[in-house]
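Chemist: First the structure, then my questions, so here it is.
Each reported figure results from applying straightforward, stated rules to the coordinates on display, with no laboratory input. Keep in mind that what you see is a predicted model, and the values were worked out from it rather than measured. In this analysis, Cβ positions are derived from the backbone assuming ideal geometry, glycine residues included, and neighbour counts consider all displayed protein chains.
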Amino acid sequence: EAQVTQNPRYLITVTGKKLTVTCSQNMNHEYMSWYRQDPGLGLRQIYYSMNVEVTDKGDVPEGYKVSRKEKRNFPLILESPSPNQTSLYFCASSLRPTSGGGNEQFFGPGTRLTVL
Amino acid sequence: AQSVTQLDSQVPVFEEAPVELRCNYSSSVSVYLFWYVQYPNQGLQLLLKYLSGSTLVKGINGFEAEFNKSQTSFHLRKPSVHISDTAEYFCAVRKGSSNTGKLIFGQGTTLQVKP
């Protein structure tokens, strides 16, 4: 089954304790992205990756890191989480975006993070 | 900068009634438009998309949307809703010339279908 998986689905942690949220896709997609969803704000892009070893900042990258060492995986790293990073996080993937097409982004089930 | 506005944060409606969820975007360039649905405790699922061509786009689950360039709108409609349509709906825009794949999302509209 074609899918995007995220782990963990739920996480409660404390300020300053480093954590990683994993994201994996099995569709051989070049493009992957992380979003955070907050009430009244919709989804905002944190980081994206056009391919292996190619990553770039989205709209709200502060406090986050990513890496793309393999095509299928795109982990999100919070080196020193703070309460304002409490949110619902979504990973997404798609075929390589081009100016001529609107390739569908497939979303994972989400990770609900609470930072105390 | 591009922005997407969903004009209603919540839309309550009775089962079998028609519904319209409104979406306006700001952009002076060509865009691709999307509607996603998020069921409780799930990720986002694509309902439909407009890339070019016919301005009336049909999607899954009986939903359709109409692209109106002059009004910069992309409203989502369904003639008769079911309880199972209760979910949050997101309108999103991607700039046509963009190679980054970035989607700009609206704030979301919660559709509450009542029996």
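Chemist: Treating the beta-carbon of each Lys and Arg as +1 and of each Asp and Glu as -1, no other charges, what is the dipole magnitude of the range A:1-69 about its Cα centre, to the nearest 20 debye?
Modeler: Dipole about the Cα centre, nearest 20: 320 debye.
Chemist: Can you give the Kirkwood hydrodynamic radius of the range A:31-73 from its Cα pairs, in Å with one decimal?
Modeler: Values: mean 1/r = 0.0926 Å⁻¹.
Result for the range A:31-73, one decimal place: 10.8 Å.
Chemist: What is the calculated FRET efficiency for residue B:26 to residue A:56, with r their C-beta to C-beta distance and R₀ = 22 Å, to the nearest 0.05?
Modeler: Approximately 0.40, to the nearest 0.05.
Chemist: Give the whole-number value, in cubic angstrom per residue, of the convex hull volume spanned by the C-alpha atoms of chain A. Mind dumping the intermediate values first?
Modeler: Values: hull volume 11.6 nm³, N = 116.
Output value, Cα hull per residue: 100 Å³.
Chemist: How many Cβ atoms of partner chains, on average, are near each residue of A:85-97 if near means within 10 Å of its Cβ? Could the numbers behind the result be given before it?
Modeler: Working: counts 0, 0, 0, 2, 0, 3, 1, 4, 1, 2, 1, 2, 8.
Other-chain Cβ atoms within 10 Å of each residue's Cβ, averaged: 2.
Chemist: What relative contact order, as a whole-number percentage, does chain B give when Cα pairs under 8 Å and 6 or more residues apart are counted? Intermediate results must be reported in sequence, preceding the final value.
Modeler: Values: 283 pairs, mean separation 42.7, N = 115.
Relative contact order comes out at 37 percent.
Chemist: Here is a follow-up. Starting from the Cα of residue B:95, draw a straight line to each of the aspartates and glutamates and keep only those under 20 Å, dropping any in the same chain fewer than 8 residues away.
Modeler: A:30, A:56, A:59, A:104, B:66
Chemist: Under the definition of partner shielding as Cβ atoms of other protein chains within 10 Å of a residue Cβ, what is the mean value for peptide B:44-54?
Modeler: Details: counts 11, 3, 4, 0, 0, 3, 1, 4, 3, 0, 0.
Taking all residues of B:44-54 together, the mean is 3.
Chemist: Would you work out which of A:51, A:87, A:116 lies farthest towards the positive end of the dipole of the range A:7-116? Charges go on Cβ: Lys and Arg +1, Asp and Glu -1.
Modeler: So the residue we want is A:116.
Chemist: Along the charge dipole of the protein assembly as shown, pointing to its positive end and built from +1/-1 on Cβ of Lys, Arg, Asp and Glu, which listed residue (B:107, B:80, B:70) has its Cα farthest out?
Modeler: B:107
Chemist: Distance from a point 7 Å along Cα→Cβ of residue A:114 to each backbone N in the range A:54-84: keep the residues under 15 Å and list them by number.
Modeler: It comes to A:83-84, nothing else.
Chemist: Now a separate question. Around residue B:33, with a cut-off of 12 angstrom between Cβ atoms, what is the net charge of the other residues, counting Lys and Arg +1 and Asp and Glu -1?
Modeler: Details: positive: B:49, B:69, B:94, B:95; negative: B:66.
That sum, taken over residues with Cβ under 12 Å, equals +3.
Chemist: Would you please give the FRET efficiency between residue A:27 and residue B:114, computed as 1/(1 + (r/R0)^6) with r the Cβ-Cβ distance and R0 = 41 Å, to the nearest 0.05? Spell out each step's value before the answer.
Modeler: Numbers: r = 37 Å, r/R0 = 0.91.
Computed FRET efficiency for residue A:27 and residue B:114: 0.65.
Chemist: Translational D (Stokes-Einstein, µm²/s) of the range B:19-115 at 25 °C and 0.890 mPa s when Rh comes from the Kirkwood sum over C-alpha pairs? Show your work: numbers first, answer last.
Modeler: Numbers: Rh = 13.8 Å.
Estimated diffusion coefficient is 178 µm²/s.
Chemist: Looking only at other chains, what is the average number of their beta-carbon atoms within 10 angstrom of each beta-carbon in B:101-111? Kindly include the intermediate steps, with their values, before the conclusion.
Modeler: Working: counts 18, 8, 13, 5, 7, 3, 6, 6, 0, 0, 0.
Per-residue shielding by partner chains comes out at 6.
Chemist: Shifting gears a bit: What fraction, in whole percent, of alpha-carbon pairs in the protein assembly as shown exceed 33 Å separation? Intermediate results must be reported in sequence, preceding the final value.
Modeler: On the way: 4311 of 26565 pairs.
Distances greater than 33 Å cover 16 percent of the Cα pairs.
Chemist: With only Lys, Arg, Asp and Glu charged, each at its Cβ (+1 for the first two, -1 for the last two), find how big the charge dipole of chain B is about the Cα centre; round to the nearest 20 debye. Numbers along the way, then the final one.
Modeler: On the way: 10 positive and 8 negative charges, 96 e Å.
My answer is approximately 460 debye.
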